[in-house]
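Asks: The structure's right below; bear with me while I get my questions together.
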Amino acid sequence: MLLGTDVNQRPDVEEGSDELKLIPLWSVLVSLLVFSAIQVLSFWGHQGQPHHGNPVLHVIGSYSWGAALASYVLLVGYISRDVKRRNMRPGLWMLIVMVMPGGIGAVVYFLLRQPVMTRCPSCRTEVSSSFHFCPQCQFQMSPVCGQCFRGVHITDVYCVQCGHDLTSDEMPARLRSYSD
């Protein structure tokens, strides 16, 4: 926890950054519909036929296909929201994900997607969330070692890269952890 700050009051922390919250409601409903439809069609298609093979394998197969297609619908819903927060072209990426067969479009998306952008709390410039300092105003976005300038955790006492004593650094108060 940061010194005297609440996550809801911090301008540099995105509200709703939980990844599962990116899946839209329409995607959840369509995936439930797809899963249910596959189960119903499998049951009706198997009802009038004599039992060829093991019926347990038939049930496992219908659940597997239903889960796979429902998961793909959830993945498309996730990508439809994720592409917007990464400032990428939604129409192009949705076309790629939907047209390329076998989920290859989704794999291509995850390999080529841009980093999540956030705003600098000081100057409101849009920067990559992996930046330690704002390139416009030099605002310190995350804790870094005072010697090697690599990222550290706020609870670290020594830098894991160079062994520097982090307690001797002049870190901004908002990046210091509580000390008991």
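Read-outs throughout are calculated quantities, based only on the coordinates presented, and are distinct from any laboratory measurement. Worth saying up front: this structure is predicted, and the values here are computed from it rather than measured. Glycine gets a Cβ as well: all are built from the backbone with ideal geometry, and neighbour counts include every protein chain shown.
Asks: Write out the trypsin sites (Lys or Arg not before Pro) in the range 91-130 meeting two conditions: DSSP loop, and at most 12 other Cβ atoms within 10 Å of their Cβ.
Replies: Details: sites: 113, 119, 124; in loops: 113, 124.
Answer by residue number: 124.
Asks: Order of 78, 158 from fewest to most other C-beta atoms within 10 Å?
Replies: On the way: 78 18, 158 13.
Ranking 78, 158 by Cβ neighbours within 10 Å, fewest first, gives 158, 78.
Asks: For an R0 of 22 angstrom, estimate the FRET efficiency from the Cβ-Cβ distance between residue 167 and residue 131 and round to the nearest 0.05.
Replies: The calculated FRET efficiency here is 0.35.
Asks: Points 7 angstrom from Cα along the Cβ direction at residue 100 and residue 149: gap in nanometres?
Replies: Computed distance between label sites residue 100 and residue 149 equals 3.6 nm.
Asks: Can you give the FRET efficiency to the nearest 0.05 for residue 89 and residue 119, using r as the Cβ-Cβ distance and R₀ = 22 Å?
Replies: Rounded to the nearest 0.05, the efficiency is 0.60.
Asks: Given labels modelled 7 Å from the Cα in the Cβ direction, how far is it in nm from residue 40 to residue 54?
Replies: The answer from the label model is 2.9 nm.
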